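Structure, as structure tokens:
Any read-out appearing in this document is the output of simple, stated calculations on the displayed coordinates, not a laboratory observation. Keep in mind that what you see is a predicted model, and the values were worked out from it rather than measured. Cβ: placed from backbone, ideal geometry, glycine included. Neighbour counts: every protein chain shown.
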Amino acid sequence: MPNFRRLSFTFKALRELGPRQLALYAWYQFGLRSGYYHWQTLEDNSQPSPINRQLFELPEPDALTSILGDQVPILFAEADEVLTGQVRLFGGQPVPLQLTVPEPLAHWTEYEPGRRSNESSDIKFIWEPARFGWAYTLGRAYHLSGDDRYPEAFWDYTETFLDSNPPNLGPNWVSAQEVALRLIALSFAFQVFAKSSQSTRQRVTRLSTAIAAHATRIPPTLAYARAQNNNHLLVEAAGLYTAGLVLPDHPDSLRWRELGWRWFNHALQSQIDSDGAYIQQSTNYHRLMLQTALWVQGIGKEFPAASSHSLAAATNWLLILIDPVSGHVPNLGPNDGAYILPLTTCPFADYRPVLQTASLAFLEQCFFPEGPWDEMAVWLRKKGQGTRDKGRLHSPAPLSLIPSVSSVLRYPHHSSWVYLRAVRFTSRPGHADQLHLDMWWRGLNIAQDPGTYLYNAPSPWDNALARTNVHNTVSVGERDQMTRAGRFLWLDWAQAEPIAHERDQDGSFERLVARHDGYRHLGVIHQRAVSASVDGRWIIEDTLLPVADSRLKVRQTLFPTNPSHRARLHWLLPDWPWEIKEEGRDSRIEIRLKSPSGWINILVKIEGQWRGSASHNILSNSSHSLVRAEELLSGTGPISPTWGWVSPTYGYKMPALSFSLEVKSPLPLSFITEWTFPSSHTSD
């Protein structure tokens with residue numbers, strides 16, 4: 001049976017991922033297992049080469065000080081943390097900066113999954129400090145202050161890393177993407193620290209050799225990046241292009257530049273959909289893509305028209321999803337905590353620095369008023385591009401000018417908006433989250449995406465927040481919408497489509513309807529309707545329909561009867577004071593949440609049939625649960641250890657309220673959720 005299952009997965013992967021990607025991945029595995037990559041990267045023959053000291057133009061310190069305003073002390077406080085050996089991984093709390101790895105070291109090929117055990121359960125905690133994100137903080141503080149403590153710390157930490165991680169030895173050389181990110185950080189840091197007395201000739205020579213070794217590591221395994229066709233290819237290409245510019249006299253410089261430029265533009269043009277969505281189905285990876293493009297544009301030549309068009313669409317796509325009050329976006333899809341160019345004092349979750357910079361670069365307009373989020377734009381401006389008005393390039397445009405899309409409904413007059421996830425996948429999904437709904441009100445994320453937490457950990461935390469039952473949607477029969485074939489691989493893709501988008505001319509009512517076919521093998525179609533009214537109410541209607549009764553053109557499954565299905569509606573809510581009231585006679589249950597701005601009412605009703613009886617009896621055959629951090633607060637039934645958590649960034653999880661209502665009934669079956677927010681004059 002296991003062999004048959006593997007064969008079935010292989011055929012499905014071939015059909016959904018395509019033969020090219022699988023062939024490239026097979027070639028990578030052959031190179032790994034045959035010892036070819038070990039032989040190809042066995043020796044480090046890197047030679048020093050003069051470093052280009054004008055890779056990009058440094059901003060005027062006065063312009064930075066003006067932009068940062070009262071944030072300047074925050075920048076110096078973060079830099080001083082690094083001086084004391086503390087670093088904030090994934091935008092979290094300070095932890096010790098660890099750049100050494102356990103000895104004895106083996107060749108990087110020995111650290112591939114399944115070939116050698118690591119002491120850390122998740123290698124990302126080794127990789128993250130080795131991305132040298134802390135070097136940007138030291139560089140920014142030095143550029144404003146001229147304090148030599150910052151370059152001294154950079155060189156000391158860099159030498160510690162190079163001593164402990166010789167080329168191609170140890171876990172920090174396993175991923176060519178990690179190598180490329182470190183290469184970019186080293187190149188940035190040298191530009192800022194070049195004039196410091198701490199940047200001795202000996203240190204600069206060693207850095208030049210290290211950058212060359214990093215660049216040499218990338219091309220041998222480019223087949224893996226091409227097989228992934230995601231951020232790996234984009235970042236590795238950017239690393240090669242950077243190396244070719246920062247070491248212009250190196251014998252391989254021209255090859256690095258040409259190879260990097262070719263694959264970088266290929267990635268932009270193949271990974272960004274026509275509507276601007278990024279291939280990895282993730283807001284954080286979308287941000288990473290934009291940051292990588294901003295870096296390459298800042299140091300390089302003009303992008304081809306096709307790449308520029310893709311980047312403009314990608315910028316606009318993410319602008320549509322930003323909350324104008326907080327600067328946050330829905331935490332959609334995989335989130336590995338990446339922030340590869342931390343050129344801002346704004347928190348990790350604030351997307352305004354990247355979107356302001358990308359808007360200026362790719363849309364030639366900015367969408368936010370002046371603020372500390374403008375710093376990144378001054379650092380990453382195009383070479384030769386001047387600054388006007390203390391670093392601002394354009395006047396801000398109102399957010400109302402951002403085009404709307406069918407998946408977003410905004411009601412500015414009562415400060416709320418929703419995002420309904422309805423995607424037709426053309427590349428592999430990251431989460432099983434079709435028809436997930438994110439709801440925002442007054443800058444607060446009311447109905448939340450759970451995030452990611454960890455990729456690599458013992459069960460149940462092996463990328464468990466990618467599953468359907470922790471998203472704000474309906475699951476059927478305790479199953480995911482798709483088949484989980486691995487930690488990062490989903491097969492039998494659930495496809496969604498919009499059904500209707502209605503709007504009153506006076507703007508008093510708007511309704512969006514979509515559905516997905518992820519449960520077609522069970523004979524079920526899930527349809528979700530989202531309605532907003534001018535009085536501030538949102539009504540979410542989830543209907544489960546028999547496949548034979550739906551209008552979807554899918555293969556019909558013969559069901560001689562209308563069997564009962566167990567369905568579960570789930571909402572992930574903030575960890576606030578709550579009240580819950582069940583009204584069996586009316587087939588409804590009410591939850592009240594005490595937000596910082598008053599009580600929010602959530603009313604959930606069930607409509608359907610139970611053994612031919614009227615719908616008002618159906619609640620007697622249902623059960624609810626309210627879970628916080630794996631603890632059952634209200635209701636009955638078994639619970640999962642992954643319920644009642646939200647992960648704002650990688651490696652961190654916080655308590656949340658996980659509410660679910662489960663029922664077994666024949667189809668059609670509907671859950672109706674009504675959200676009511678307090679008026680602007682209400683606080684209690």
³J(HN,Hα) computed for each position of the range 249-265 - Karplus, 6.51 cos²θ - 1.76 cosθ + 1.60, integer Hz, glycine/proline x: 9, 5, x, 9, 4, 4, 5, 4, 5, 5, 5, x, 5, 4, 6, 5, 5
Relative contact order (%) - the range 241-395, alpha-carbon pairs under 8 angstrom, separation at least six: 21
Relative contact order (%) - the chain, alpha-carbon pairs under 8 angstrom, separation at least six: 10
Peptide ranges 523-529, 141-147 listed from the most packed, as the mean C-beta count within 10 angstrom indicates: 523-529, 141-147
Hey, what do the phi angles of the range 57-66 turn into as Karplus ³J(HN,Hα) couplings, whole Hz, using 6.51/-1.76/1.60 and θ = phi - 60°, x for Gly and Pro? 8, 6, x, 6, x, 5, 5, 5, 4, 5
Based on the mean of other Cβ atoms within 10 Å per residue, sort peptides 672-678, 34-40 so the most packed one is first. 672-678, 34-40
Nearest 500 deg cm²/dmol is fine: what mean residue ellipticity at 222 nm does the chain get from its DSSP H runs of n ≥ 4 alone, each adding -39,500 (n - 2.57), divided by its residue count? -9500 deg cm²/dmol
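Test of the criteria: in the range 251-312, which trypsin sites (Lys or Arg not before Pro) are in a DSSP loop and have at most 15 other Cβ atoms within 10 angstrom of their Cβ?
Taking the range 251-312 and a limit of 15 other Cβ atoms within 10 Å, the loop trypsin sites (Lys or Arg not before Pro) found are Lys301.
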Sparse-neighbourhood loop hits (GluC sites (Glu not before Pro), the range 39-135; DSSP loop; Cβ within 10 Å at most 14 others) -> Glu43, Glu119
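I'd like to compare 228-241, 197-210: which one has the highest average count of other Cβ atoms within 10 Å, and what's the full order after that?
Ranked from most to least packed, the peptides come out as 228-241, 197-210.
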With Cα coordinates, the longest principal axis of the chain makes an angle with the long axis of helix 133-145, in degrees rounded to 10, of 60
Expected output is a single nm value to one decimal: the length gained when fully extending between Lys195 and Glu579, i.e. 0.36 nm times separation in residues minus the C-alpha distance. What is it? 132.1 nm
